[in-house]
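**Student:** One structure is given below, represented as structure tokens, and several questions about it will come after.
The values are calculated or read from the model by the stated rules, or taken from the named source; none is laboratory data. Given the structure is predicted, the values throughout are model-derived calculations rather than measurements. So basically every Cβ, Gly included, is an ideal-geometry build from the backbone, and we count neighbours across all protein chains shown.
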Amino acid sequence: MNVLVPMDYSELSKEALRTTLSLHPDADITVLHVLDWHASDIGPGGWGDSPGTFDEWLDAAREHADELFEDARKIADEYDTEIDTDTAVGEDARNIVEYVEDNDVDMVVMGSHGRSAASRILLGSTSETVARRAPVPVLLVR
């Protein structure tokens with residue numbers, strides 16, 4: 001079984017990884033982090049003034065993702081399991097669904113919402129979109 005665990009920097013995404021490791025100890029697990037420029041401090045459309053600005057942001061985002069992956073590997077080590085990691089660049093939900101469609105993924109396990117206070121009130125828009133559009137089962141952890 002191949003399980004995709006999309007992760008951001010929230011505690012719920014770490015809990016989704018722990019849940020996956022606990023429920024599916026023999027699965028091939030890939031942690032995916034989407035580098036979403038829409039969520040950056042620069043904001044959409046902020047790249048036009050300087051062509052190098054996006055490249056600088058992307059390099060910094062990849063470095064930050066490496067820190068996230070290191071945390072994910074430490075969690076996996078607690079379960080004596082190895083994980084694969086990958087990144088995608090763009091909008092979170094769209095890239096998660098595309099990753100599922102383009103790869104051999106049997107299931108998605110993800111947090112029910114991300115880091116923002118507004119998303120804690122309702123099911124997060126990313127998780128809701130993935131649950132509706134992914135062609136495989138999606139387990140939402142809360």
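**Student:** Out of curiosity, is SER119 closer than 21 Å to ARG18 by Cα and either at pLDDT below 90 or not in a loop (DSSP other than H, G, I, E, B) (or both)?
**Tutor:** Criteria not met by SER119.
**Student:** Then there is this: How many residues are touching a residue at least 40 places away in the same chain (Cβ under 8 Å), under 15 Å from the mean Cα position of the chain (by Cα) and either buried (at least 16 other Cβ atoms within 10 Å of the Cβ) or in a strand (DSSP E or B) (or both) if we restrict to segment 76-102?
**Tutor:** Residues that pass the stated criteria total 14.
**Student:** For residues that are more than 8 Å from VAL31 (Cα to Cα) and either hydroxyl-bearing (Ser, Thr, Tyr) or touching a helix residue (DSSP H, G or I) at 6+ places or on another chain (Cβ under 8 Å) (or both), tally how many sit in segment 79-92.
**Tutor:** Summing the residues that are more than 8 Å from VAL31 (Cα to Cα) and either hydroxyl-bearing (Ser, Thr, Tyr) or touching a helix residue (DSSP H, G or I) at 6+ places or on another chain (Cβ under 8 Å) (or both) in segment 79-92 gives 9.
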